[in-house]
Amino acid sequence: MRVELIERTLKEARYIAETGATVRDTAKVFHYSKSTVHKDATERLYFIDKALYFKVKKVLKTNLEERHIRGGLATREKYLKVKRER
């Protein structure tokens, strides 16, 4: 694996593990696509640093479980904003 790829994967993984960020947030911070960040975190990281991989996997699992709640809150805010503007 190329050195640049390993360094990128480790930077993204450390960011996710330290901040609890979502794949989407991480992609915005590092200016990569969501699919690139997801592949780095779920496939490549396992072969680079297994301990960090399991930390990141736990964060991603939590984010996946909470996704429907965040979506519902965003929808609620959207309609409250529309209501206030009337």
Requested in this report: Being assigned to a helix (DSSP H, G or I), surrounded by 12 or more Cβ atoms within 10 Å (Cβ to Cβ) and among the small types (Gly, Ala, Ser) is the filter here, so list the residues in the stretch 17-46 that pass it.
Outcome: 17, 27, 41
Report task. Taking only the stretch 53-64 into account, find how many residues are closer than 21 Å to residue 8 by Cβ and either among the aliphatic types (A, V, I, L, M) or exposed (fewer than 10 other Cβ atoms within 10 Å of the Cβ) (or both). Result -> 3
Query - Residue match in the stretch 47-59 (condition: acidic (Asp, Glu) and in a helix (DSSP H, G or I)) - result: no
Query raised in the report: If we keep just the residues of the stretch 65-77 that are surrounded by 10 or more Cβ atoms within 10 Å (Cβ to Cβ) and either closer than 22 Å to residue 11 by Cβ or of a type in the set (Asp, Glu) (or both), which is nearest to the chain's Cα centre (by Cα)?
Result: 66
**Report entry** For residue 80: the one exception among (1) of a type in the set (A, V, I, L, M, F, W, C); (2) surrounded by fewer than 11 Cβ atoms within 10 Å (Cβ to Cβ); (3) outside any helix (DSSP H, G or I)
**Finding:** (3)
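A short reminder: the numbers here are calculations on the coordinates, not readings from a lab. Everything numeric here is computed off the predicted structure, so don't read it as measured data. Cβ atoms come from the backbone with ideal geometry, glycine included; neighbour counts cover every protein chain shown.
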